[in-house]
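In what follows, a structure is listed as structure tokens, so that the remarks can point back to it.
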Amino acid sequence: MNVLVINAGSSSLKYQLMNPETGDVSAKGLCERIGIDGRLTHKTADKKVEKEIPMPTHAEAIKAVMDILVDANDGVIKSVEEIDAVGHRVVHGGMEFSDSCIINEEVIAGIKKCIPLGPLHNPANLLGIEACQKAMPTTPQVAVFDTAFHMTMPAKAYRYAIPTEYYENDSIRRYGFHGTSHKYVARRAAALTGKTEFKMVNCHLGNGSSMSAIKDGKSVDTTMGLSPLAGVPMGTRSGDIDACIVQFICNKYGMSVDEALNVLNKKSGVLGLSDGKSSDFRDLEAGAAEGNEACKLALEKFYYEVAKYVGAYAAALNGIDVLTFTAGVGENGITTRKAVCEYLSFMGVKIDDEKNNVRGKETLISTPDSAVQVWVIPTNEELMIAQDTAELVNAAK
Ligand code: AMP
């Protein structure tokens with residue numbers, strides 16, 4: 001089976017053509033500068049092709065993807081009919097979607113209904129869906145939501161302690177994101193440990209970071225909230241802060257709420273704490289090694305907040321069996337994993353420095369006598385999207 005996985009942003013569109021059973025990717029690529037001029041980067045096992053192609057809208061971007069996939073020299077399939085299904089990443093499923101689903105008019109209406117909750121992402125995701133529907137009108141399309149995995153959270157985790165009317169009238173609650181990644185890692189953790197009933201915390205630490213408390217494969221809490229701004233500090237996002245800081249900044253600097261939120265989304269996190277040095281952990285580690293105090297503080301704050309959430313979730317779950325690290329920093333950040341795990345020695349977490357000396361490979365990094373198994377599990381959101389897509393499409397046959 002061939003599933004085309006699409007992740008459409010406002011001016012970019014990523015794609016992967018993959019076999020959901022084996023995880024083999026036959027081609028992947030990126031359309032950039034949609035609405036400006038248009039550039040396609042396409043990779044296969046033995047080739048990388050870059051082309052300037054006019055892409056006034058997402059429709060031309062999808063057409064460019066279709067054309068190159070079937071191209072005699074650079075393509076990997078003979079005709080578009082060889083694409084059995086398309087899986088779309090959709091960021092916000094609100095309270096409408098607690099699972100992936102085959103796209104029909106009702107689903108499109110549901111995604112539109114969630115636009116106020118995901119104003120930056122959902123409209124772009126819809127553009128990707130509409131373009132694919134036009135290009136492949138008979139091919140089944142599936143929506144896979146970033147929020148869906150967290151819809152199993154209990155009310156005490158997802159409700160904010162604000163008046164009920166904001167929840168009932170406006171759906172203001174914790175949703176959480178990176179759900180596809182958390183779900184993938186939870187499944188891999190089950191397969192790797194041979195456990196089905198177990199309690200874990202997954203640390204998805206990348207440019208955007210979120211953590212999830214997971215019981216028997218289901219999310220019971222997560223750090224991001226109504227939006228991806230909440231939780232641990234990130235590359236450029238502040239993570240949790242006192243909401244009064246927004247009021248203070250607006251009053252002091254004459255900013256609008258949108259401008260203040262731009263500061264919290266784009267100029268904060270480890271970038272802000274490192275005095276603007278970098279949002280990239282490799283730069284921060286290099287800066288800290290040279291004695292830069294701001295870089296050191298940015299890293300220390302990050303380790304501290306991640307460890308604090310593991311502790312909080314261990315309390316929420318009444319203990320954990322497994323701790324997993326994934327995404328750019330989680331998979332590659334040897335120092336980050338060591339620093340976080342040192343905080344957790346009180347709960348019997350022990351890692352083996354040699355085993356921890358690993359990047360981007362499924363590895364058990366805890367010692368045999370550690371009270372908690374600690375794993376590095378590289379995430380694969382595209383594979384999870386492809387597998388959800390295949391499962392739904394096969395079930396509907
Ligand atoms: P992601 O958003 O999951 O792609 O993660 C991106 C982040 O991973 C980058 O901003 C880096 O900070 C981090 N990263 C990638 N490679 C390394 C590495 N070798 N050591 C530490 N951090 C890394």
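The values are calculated or read from the model by the stated rules, or taken from the named source; none is laboratory data. Predicted, not measured: the structure shown is a model, and the values here were computed from it. Please note: Cβ atoms are built from the backbone with ideal geometry, for glycine as well, and neighbour counts cover all protein chains shown. Heavy atoms of the whole protein, side chains included, go into the accessibility calculation; ligands, DNA and RNA do not. Shrake-Rupley method; radii C 1.70, N 1.55, O 1.52, S 1.80 Å.
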With just the Cα atoms defining each centre, how far is the range 16-76 from the range 216-263? Give it in Å. 35 Å
Solvent accessible area, Å² - D99, 1.4 Å probe, full protein context: 90 Å²
Spin-label point model (7 Å from Cα, Cβ direction): what's the R282 to A371 distance in nm? 3.7 nm
Run the quick spin-label model on D67 and N169: label points 7 Å from Cα toward the beta carbon, then report their separation in nm to one decimal. 5.1 nm
Between S256 and N104, what's the calculated FRET efficiency when r is the beta-carbon distance and R0 is 45 Å? Round to 0.05. 0.70
Would you please name the trypsin sites (Lys or Arg not before Pro) within the range 1-100 that are DSSP coil residues with at most 16 other C-beta atoms within 10 Å of their C-beta? R33, K78
With respect to the cross-link table entries K43/K134; K156/K296; K14/K113; K14/K301; K51/K183, which display a Cα-Cα separation exceeding 30 Å? K156/K296; K14/K301; K51/K183
What residues have an amide H closer than 5 Å to that of V142, excluding those fewer than 5 places away on the same chain, when H is modeled at 1.01 Å from N in the peptide plane? V86, G87, H88, I103
Solvent exposure ordering (accessible area, 1.4 Å, most first) of M255, M95, M153: M95, M255, M153
Proximal lysines to K350, defined as alpha-carbon separation beneath 16 angstrom and excluding residues fewer than eight positions away on the same chain: K338
Share of carbon and sulfur in the accessible heavy-atom surface of the range 1-88 [1.4 Å probe, %]: 47 percent
For the range 196-308, what log10 I(q)/I(0) values come out of the Debye formula at q = 0.12 1/Å, with one point per alpha carbon and no solvent? -0.48
Computed on alpha carbon atoms, what radius of gyration and Dmax characterise the chain, expressed in Å? 21.4, 61
Computed curve, the range 1-80, Cα-only Debye sum without solvent term, log₁₀ I(q)/I(0) at 0.13, 0.15, 0.17, 0.25 Å⁻¹, is -0.35, -0.47, -0.60, -1.20
Take Y303, Y15, Y343 and sort them by solvent-accessible surface of the protein heavy atoms, 1.4 Å probe, largest at the top. Y343, Y303, Y15
Kindly report the accessible area of the range 248-311 per residue (heavy atoms of protein chains, probe 1.4 Å, no ligands, DNA or RNA), in Å². 57 Å²
If I take all pairs of Cα atoms in the range 132-235, what percentage of them are more than 24 Å from each other? 34 percent
Nearest-0.05 FRET efficiency for T138 and L297 at R0 = 51 Å, using Cβ-Cβ distance, is 0.35
Over the range 288-331, volume per residue of the alpha carbon convex hull, in Å³: 81 Å³
Rank V201, V374, V358 by mean-square fluctuation in a GNM of the chain with C-alpha springs under 10 angstrom and give only the top-ranked residue. V358
Whole-percent carbon and sulfur share, accessible surface of the range 120-231, 1.4 Å: 52 percent
Per the rule of 0.36 nm per residue minus the C-alpha distance, extending A289 to I36 adds in nm 87.0 nm
Label zone at K112 (point 7 Å along Cα-to-Cβ), backbone N below 20 Å, the range 50-70: 58-59
